[in-house]
Amino acid sequence: MLNLGPIQIPAPAVMGILNITPDSFSDGGQFDNPNIALRQAATMAEGGAAIIDIGGESTRPGAGSVGIQQELDRVIPVIEAVRSVTDVPISIDTSKADVMREAVAAGASLINDVYALRGEGALQAAAELQVPVCLMHMRGEPRTMQENPEYDDVVLDVADFLEKRLAACIAAGLGEELLIVDPGFGFGKTHRHNVELLANLRQLRVRNRPMLVGVSRKSTLGELTRREVHERIPASVAAAVVAVMQGADIVRAHDVAATVDALKVVQAVIEAGA
Ligand code: 8Y4
């Protein structure tokens, strides 16, 4: 079990992805209607998702930003609807302080912030809310992050960033028990950097905090398999297995049921070897 203060989740856990963005190239617009989103959330809950991650702003490379009201209009009705049909904890994928507050008021239990609470007011909002927060590493910002990213040592750089964000969060009054770290696959990294991070994941368990990993359908898997985004399920499941074998506690995934099954096998092997 992962003890994240107010919520406990089994480990390893799968976080199912529910994008409410018309421009997400992985599932463009499929969930722009709360009913469709609701059915997808129910399928993820039945498939064994431990968390449902709801996001209204695309963070794909080159994506534009979304206004606060537009993001609220997208995510709040979906959070309320999902909350009314399942007890599975909901995370709000946002970097905006006001969206964090409204989402938690509407029933979200965690914050998933790809900016690791570096946005205006985000650290203070999270400290007031005292809910679990996933702090993700990103080099640069989504619009430009894939323009020739360079690191002396990507593993040390990411670990150092996560350590500094943990320290900033704790200094701002967030309980250490609330914090989750994430290397941020694909966020300002080349394919080679992403594979190097996956191979050295154990070094990223900063301060022994739980680790979340998001590899599902990402372009490094497309590069390795030469497959389009919807053909990347086997590669995504394989990457999830590798991540958990390397110490990840939570895997963010589109294909929940397949990932949950694969992680049952991994968990049995880990327990047999312990
Ligand atoms: C195909 C499918 C191609 C998906 C690209 C993508 C992470 C995350 C994202 C992650 C955490 C994405 C919101 C990018 N990735 N949050 N969010 N960790 N914590 N791209 O790795 O899925 S969005």
Exercise. Give the Kirkwood hydrodynamic radius (Å, one decimal) of the stretch 101-168, defined as one over the mean of 1/r across all pairs of different Cα atoms.
Key: 13.4
Exercise. Would you mind telling me which residue in ALA45, ALA125, ALA239 has the biggest mean-square fluctuation in a Gaussian network model of the chain, where springs connect alpha carbons within a distance under 10 angstrom?
Key: ALA125
Exercise. Mind giving me the nanometre distance, one decimal, between the label points for GLU271 and ASP153, set 7 Å out from Cα along Cα→Cβ?
Key: 3.7
Quiz item: Given q = 0.09, 0.11, 0.12, 0.18 Å⁻¹, what are the Debye log10 I(q)/I(0) values for the stretch 145-274, with equal point scatterers placed on the Cα positions and solvent ignored?
Solution: -0.27, -0.41, -0.49, -1.03
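With a cap of 13 neighbouring Cβ atoms within 10 Å, and only residues DSSP puts in a loop, list the trypsin sites (Lys or Arg not before Pro) found in the stretch 187-270.
ARG226
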Self-check item: Translational diffusion of the chain, µm² s⁻¹ [Kirkwood Rh, Cα pairs; Stokes-Einstein; 4 °C; 1.567 mPa s]
Solution: 70
Quiz item: For the stretch 171-176, in order, what is each residue's ³J(HN,Hα) by Karplus, 6.51 cos²θ - 1.76 cosθ + 1.60 with θ = phi - 60°, in whole Hz (x at glycine and Pro)?
Solution: 4, 7, x, 6, x, 4
Quiz item: What percent do you get for the relative contact order of the chain when only Cα pairs under 8 Å and 6+ apart count?
Solution: 19
Self-check item: Residues whose placed amide H lies under 5 Å from that of ALA253, excluding near-sequence neighbours
Solution: MET15, GLY16, ILE17
Quiz prompt | CD proxy at 222 nm, helix term only [per DSSP H run n ≥ 4: -39500 (n - 2.57); per residue of the chain; nearest 500] | solution = -13000 deg cm²/dmol
Quiz item: What aspartates and glutamates sit close enough to LYS264 to cross-link, taking a C-alpha to C-alpha distance under 19 Å and skipping anything fewer than 8 places away on the same chain?
Solution: GLU46, ASP249, ASP255
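Please give the charge dipole size of the stretch 41-130, origin at the Cα centre, charges +1 on K and R Cβ atoms and -1 on D and E Cβ atoms. Round to the nearest 20 debye. Each step should come with its number before you reach the end.
Details: 6 positive and 13 negative charges, 27 e Å.
It works out to roughly 140 debye.
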Practice problem: Find the Rg to Rh ratio for the stretch 79-229, where Rh is the Kirkwood radius over alpha-carbon pairs and Rg uses the same atoms. | Solution: 0.98
Self-check item: FRET efficiency estimate (nearest 0.05) - Cβ-Cβ, VAL229 to SER65, R0 30 angstrom
Solution: 0.85
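FYI, it's all coordinate maths here, none of it is from the lab. The model shown is predicted, which means the values in this text are computed figures rather than measured ones. We place every Cβ from the backbone using ideal geometry, glycine too, and count neighbours over all the protein chains shown.
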